[in-house]
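One structure below.
The values are calculated or read from the model by the stated rules, or taken from the named source; none is laboratory data. Quantities reported herein were computed from a predicted structural model and do not represent experimental measurements. Cβ placement follows ideal geometry from the backbone for every residue including glycine, while neighbour counts extend to all protein chains displayed. For the accessible areas, the whole protein counts, side chains as well, though only heavy atoms, and no ligand, DNA or RNA atoms are used. Shrake-Rupley method; radii C 1.70, N 1.55, O 1.52, S 1.80 Å.
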Amino acid sequence: MMTDSRGDRARELLRAPGHDQELQENSHQANGSYPAEATNGLAFHGISAMQLEGERLSSDPMWTRSNCWSLSYMRMHNMLLEKAAEIQAEGQQQRQDHDDRIGQGEEATISGSLRLLKKEVFSLCPMHFLITGLVISMVLTLLSFLVPFVQGRLVDEALQAAATYKNEGPDAVDIRAVLTPPISLLAALMFSSYFCEIIVGILFAICGHTTVTRLRIKLFRNLTDQEIGFYDAHVSGELSSRLINDSAALSSLTQFATQTLLGSAVKFSGSLLAMYATHPQLALVATVITPLSLMLVKRTGRTVGHYGTVQNYAMSKANGVAIEVLGSIRTVQSNVGEQHEAVYFMDRLNSYLRIIKATVYLETVLRFTQYGLSKTRDVVVLALAMHQVITGGMTIGQYTAFAQYVALYEDGFKSLADIWINFKQTITSTGKFLQLLMRRPQVSFEGGLVPPTCRGHVALQDVSFAYPGRSEHMVLSKVSLDARPGDIVALVGESGAGKSTVGRLLLRHYDPTSGRITLDGQSFSSLNLRWLRAQIGFVEQEPVLFDRSISDNIAYGSARGASFDAIQDAARRANAHDFIMGLADGYETHPGERASRISGGQKQRVAIARAVIRDPKLLLLDEATSALDSENEHIVQKALDELMKGKTTFIIAHRLSTVVRSTRILVLDKGRVLEQGSHDELVADETSRYSSFMRHQIVSPLLS
Ligand SMILES: Nc1ncnc2c1ncn2[C@@H]1O[C@H](COP(=O)(O)OP(=O)(O)OP(=O)(O)O)[C@@H](O)[C@H]1O
């Protein structure tokens, strides 16, 4: 549902097609002459505010010092200060909400993320490829040092030969002998470098892709193991965005960092040594700008890190909207909600775009500042070097080699800076991903008792329950119930009374806040969770079918490898075989997303077949026939009757037609058991709530 403010915003934006322009103009007004892109980049519309960590920005000395290195930086700092103050209050609140939803409230610190990165990501990297790649990278770096050295020597020898040639004539110089050895050596060095680069590229690409695949599989496994309470707090679009985007970002970071780090460090330090060895004074001039650049990189890295978090959050939100809307397209179109949804999506995506613009602005300012500094340095070095050449302080060959060492030094420094900025950005933005990767489910599938048999005796003893995140609201209060093997227990009550909640506790999607539930005398919490769930067949009101073949959907309920005969048999018992055979591809038919190509009654019969095939001892039917017309209800009810034979069954129902034949009926009211007994016992008391339900319910033909 679109909230009022969201609706207003939608209407406003729909009225103004050039809204982006409008936003930019507003930003200009608010911020004087600041660049529109940068200002927009920080008008985060709430969700971005949460991530900007306004408090930290505003208290950070980085933002309050006046000795900014350039006018652009100063403007941006001031602008950030203003925006940080604006969003501080809202940001704090939203961040708290987000952490609460994550359920851990843990700050994604750099050191924490780094530990997780080392533990989780590197361990998934194929080590033999990584190590071979690193060794070849080192060789490559060493080769890059030899090239300038040989080139320098070649230039000096050529100049010497030129002088001899000029002074003593052509016969005095064997040009081939002078040129052939160094040129051949240079060619061999360059060819080897080229070859090494190709190999390194292949090895690191394999490393990266393998790591990202393993990372995704690992997170997917971990997500599917999380308890249901976790899913109450997360939107699936956000999780899938983390699964796909964050894992790719982390993998490229590790690939990039490992591929470049060692080589760049060697290049940086090696060229520094080589420069000082060639000409110490010139080397000092060439490296004087380094501390300034370092400072810039460090500060930019921190800011880009903040931006990365916002980017990721905004993208995961946009992704969540897309998945929700496309997955519910029928509802959206029936409610003529396409335009609203497009605006809502655009809003989320614009948040992303704004922060991307701010990042580009910042990175470009950094890049050009570094560029300007290095060009100034080059001119100064060239002038000094030529002075040295003229005064005999260095040879032309030495200068050629020196210039290349400077280029290598520059290259190494830039790569290290890139790694640092990338690292900060990725680590900050993917901190939540790493937390998800490490999150231990509160209810584990492993361990616990696996009894050899199950009789199906279920008891609830003084069970009270509040949903996680709403602990103040008790949904169930001291509910007790004893269901013997073969009993049919019906749960009735008004909407919100807690009927489905009892079902969720029976499936152990949640654990009771107090009291206990037992199966054959064993507490639920002491039983192996997979085993426990395998004992329960669950037919939902709105069964979920996957867009796989109908036979796969039926077999989904069984242990692996159900035979086609068993699948057909289950379908027959669920009254589904005939309609399945009437479908275009029979059992191979794909029912479409959310089973949109088959009817509600057909969907339910497939779901019943899925429960039949696993032959559980316990059955949980959540208003399984309430959405059907009477003819379909009759067919489905027959299938359910077949399924219920010899099983302990819990029926969650509003419609009394489905519960009259129950062994016991529990009337729930605001989470308490108001009445309990058989249909006859409860109707005998005319003042009972159950009798009142009976009088007000439309009784279906099944009752008569
Ligand atoms: N995941 C959840 N998180 C927080 N509260 C919840 C959650 N699911 C249900 N509730 C609350 O628990 C109470 C009982 O809900 P429940 O779904 O069990 O009712 P019900 O009797 O099955 O209702 P209905 O017949 O309408 O399905 C309601 O107040 C509901 O708002």
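Quick one: which residue in LEU130, LEU146 is of a type outside the set (Ser, Thr, Tyr) and surrounded by fewer than 17 Cβ atoms within 10 Å (Cβ to Cβ)?
Only one candidate passes the filter, namely LEU146.
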message: Among the residues that make up segment 448-461, is at least one of them within 15 Å of the ligand (Cβ to nearest atom) and touching a residue at least 24 places away in the same chain (Cβ under 8 Å)?
response: yes
- request: Would you be able to say whether some residue in segment 197-207 is at pLDDT 80 or above, part of a helix (DSSP H, G or I), open to solvent by less than 40 Å² (accessible area, probe 1.4 Å) and of a type in the set (Phe, Trp, Tyr)?
  value: yes
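Rundown of residues vs (1) outside the structural domain of GLY469 (by the TED database); (2) at pLDDT 85 or above; (3) under 30 Å from GLY469 (Cα atoms); (4) within 16 Å of the ligand (Cβ to nearest atom), yes/no style:
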| site | (1), (2), (3), (4) |
| --- | --- |
| ARG176 | yes, yes, no, no |
| SER192 | yes, yes, no, no |
| PHE195 | yes, yes, no, no |
| THR210 | yes, yes, no, no |
| ASP232 | yes, no, yes, yes |
| VAL235 | yes, no, yes, yes |
| GLU238 | yes, no, yes, no |
| SER241 | yes, no, yes, no |
| ALA257 | yes, no, no, no |
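Anything in segment 488-498 that is within 16 Å of the ligand (Cβ to nearest atom) and open to solvent by 10 Å² or more (accessible area, probe 1.4 Å)? List them, or say none. Explain how you work it out, then say what you get.
Of all residues in segment 488-498, those within 16 Å of the ligand (Cβ to nearest atom) come to 489-498.
Of everything in segment 488-498, those that are within 16 Å of the ligand (Cβ to nearest atom) and open to solvent by 10 Å² or more (accessible area, probe 1.4 Å) turn out to be GLU494, SER495, GLY496.
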- request: Filter segment 466-487 down to residues that are without any contact (Cβ under 8 Å) to a residue 24 or more places away in the chain and within 8 Å of the ligand (Cβ to nearest atom) and give me whichever is farthest from the chain's Cα centre (by Cα).
  value: HIS473
- request: Give the residue, chosen from THR290, THR303, THR260, THR364, that is without any contact (Cβ under 8 Å) to a residue 12 or more places away in the chain and either under 16 Å from ALA417 (Cβ atoms) or open to solvent by less than 20 Å² (accessible area, probe 1.4 Å) (or both).
  value: THR364
- line: Filter segment 670-680 for residues that are touching a residue at least 40 places away in the same chain (Cβ under 8 Å) and part of a loop (DSSP other than H, G, I, E, B); the one that is most open to solvent (accessible area, probe 1.4 Å) is LYS670
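Every residue, every condition in (1) modelled with pLDDT of 90 or more; (2) of a type outside the set (D, E, K, R); (3) within 16 Å of the ligand (Cβ to nearest atom); (4) open to solvent by 10 Å² or more (accessible area, probe 1.4 Å), yes or no:
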| position | (1), (2), (3), (4) |
| --- | --- |
| ARG508 | yes, no, yes, yes |
| ASP520 | yes, no, no, yes |
| SER525 | no, yes, no, yes |
| ALA534 | no, yes, no, yes |
| GLN541 | no, yes, yes, yes |
| ARG548 | no, no, no, yes |
| ASP552 | no, no, no, yes |
task: Output the residues belonging to segment 208-247 that are touching a Gly at 6+ places or on another chain (Cβ under 9 Å) and closer than 13 Å to THR430 by Cα.
output: GLU238, LEU239, SER241
field: Boolean, ASP482 is buried (at least 18 other Cβ atoms within 10 Å of the Cβ) and either in contact with a Cys (Cβ under 9 Å, 6 or more places away or on another chain) or charged (D, E, K, R) (or both)
entry: no
field: Every residue from segment 472-511 that is small (Gly, Ala, Ser), more than 13 Å from ASP669 (Cβ to Cβ) and in a loop (DSSP other than H, G, I, E, B)
entry: GLY486
- prompt: Would a scan of segment 321-329 turn up a residue that is assigned to a helix (DSSP H, G or I) and within 17 Å of THR428 (Cα to Cα)?
  reply: no
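How many residues, within segment 427-459, are closer than 20 Å to LYS298 by Cβ and open to solvent by 10 Å² or more (accessible area, probe 1.4 Å)?
2
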message: Being part of a loop (DSSP other than H, G, I, E, B), at pLDDT 75 or above and not basic (Lys, Arg) narrows it down to one residue among VAL683, VAL667, VAL660; which is it?
response: VAL660
